[in-house]
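Below is one structure; the comments refer to it alone.
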Amino acid sequence: MPRSKTVESFAAAVADIPDGAVIAFGGFAGPGTPYNLTRALLDQGARRLTCIANTTGGAHQPRLPDVGMLVENGQVAKVICSFTAATRPTDVLPFTKYHEAGEVEAELVPQGTLAERLRAAGAGIPAFYTPTAVGTELAEGRETRVINGREYLLEYALPCDIAFIRAWRADAAGNLQFRLSQRNFCPLMGMAAKLTIVEVEEEILPAGALDPDHIHLPGIFVQRMVQVPPPPEGLWTIRRQERAR
C-alpha cells in the first residue's frame with residue numbers, strides 16, 4: 001500500500017528542511033501563498049536560505065507570514081524574485097533595508113522570465129533565449145544571441161530543492177486542483193522542486209476522487225500535504241479573504 005502523503009501538521013512538514021536550502025514560495029499576494037508553511041518555517045529556524053518568490057511581501061496590512069519575515073528573522077541569504085522593492089513609492093518593503101545594508105543578496109528576474117525559468121526546470125530544459133531584459137542593466141555582461149534578426153538573452157532554468165505551495169483541493173495521491181491566482185506560480189514551482197510541500201485549503205479526498213481532466217498538478221510532483229485546519233487553529237482570515245476575491 002502506498003505511503004500516505006498527508007502530514008499531520010505544518011511543523012512536521014518542514015521539520016527536516018536543512019540550512020542552505022533553495023525554497024520556492026508560491027502565490028501572488030493572495031490565494032496561492034503558503035502562509036501556514038511559511039509560519040512553520042519561521043518557527044523551525046532553518047538559515048542561509050535562498051528564497052524564490054514573486055515578491056518578498058510586507059507591503060500590505062495586516063501583514064501575513066511572508067519571505068520578508070524570514071529575512072527579518074535572519075534566515076535568508078538570498079532572494080530571487082520579480083519585485084525586490086515596492087511597486088508604489090509610498091510603500092516600503094521590510095526586505096529593502098536588509099538588502100541595502102548588504103545583509104541579503106537579491107536577484108531581480110522579470111516576472112514572465114521567472115515563471116519560464118521554473119517551467120524549464122520542471123520540463124528538463126536547461127536554458128532558453130528570451131527578448132525580455134535585452135538592452136537593460138539586467139543583460140549587462142550576459143550572453144545574447146541574434147535569432148531571425150532579433151536579439152535574445154540567455155536565461156537558465158531555476159530548479160529548487162523545495163517548493164511551498166497552496167492548493168484548493170487534493171486527493172490522497174497528491175493530485176492537486178488550484179483556484180484563482182493559485183494557478184500562477186504554484187504548478188510551476190511544484191514541478192521545479194525536488195520536494196513539494198502543499199497546504200490544502202478545502203479538502204483532501206480519497207485517491208481517484210478528482211476528475212482527471214480537472215487536475216492541475218499531478219501527484220507525481222507532490223511529496224507532502226497538510227490540510228489547513230478549521231478556525232481557530234488555521235489561518236481562517238486568509239481563507240475568508242481569498243473567497244471574497
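Summarising the amide proton neighbourhood of Trp168: residues at separation of 5 or more, or on other chains, whose placed amide H is nearer than 5 Å comprise Gln177, Phe178, Arg179, Glu201.
Per residue, the average separation of C-alpha pairs within less than 8 Å and at least 6 apart gives the range 1-146 a relative contact order of 17 percent.
Under 5 Å from the amide H of Leu195 lie the amide H atoms of Ile162, Ala163, each residue being 5 or more positions distant or on a separate chain, with H modelled from the backbone and absent for Pro and chain starts. Sequence-ordered 3J(HN,Hα) estimates for the range 127-133 from the Karplus curve with 6.51, -1.76 and 1.60 and θ = phi - 60° stand at 6, 7, 9, 9, x, 4, 6 Hz, glycine and proline given as x. Note on the range 8-62: Rg/Rh from Cα positions, Kirkwood definition for Rh, rounded to two decimals, is 0.96.
Taking the Kirkwood radius as Rh and the Cα radius of gyration as Rg, the range 174-234 has a ratio of Rg/Rh equal to 0.95. Dividing the C-alpha radius of gyration of the chain by 2.2 N^0.38 Å, with N its residue count, gives 1.02. Each principal axis of the Cα cloud of the range 60-188 was evaluated for its coordinate range; sorted largest first, these ranges are 48, 44, 26 Å. From most to least packed by mean Cβ count within 10 Å, the peptides 149-156, 195-202, 10-17 give 195-202, 10-17, 149-156. Taken over the alpha carbons of the range 128-210 as equal point scatterers, the Debye sum produces base-10 log I(q)/I(0) values at 0.13, 0.21, 0.22, 0.26 Å⁻¹ of -0.59, -0.91, -0.95, -1.15. For the chain, modelled as a GNM with alpha-carbon contacts under 10 angstrom, which of Ala209, Ala163, Ala106 fluctuates the most? Most flexible of the set in this elastic network: Ala209.
For the range 1-115, the direction-averaged projected area of the alpha-carbon convex hull comes to 8.3 nm².
If the chain linking Arg47 and Thr6 were pulled fully straight, counting 0.36 nm for each residue of separation and taking away their Cα-Cα distance, it would gain 12.2 nm. The antiparallel fraction among DSSP beta bridges confined to the chain stands at about 25%.
None of the figures in this text is laboratory data; all of them are computed from the coordinates on show. Keep in mind that this is a model prediction, so the values were computed, not measured. So basically every Cβ, Gly included, is an ideal-geometry build from the backbone, and we count neighbours across all protein chains shown.
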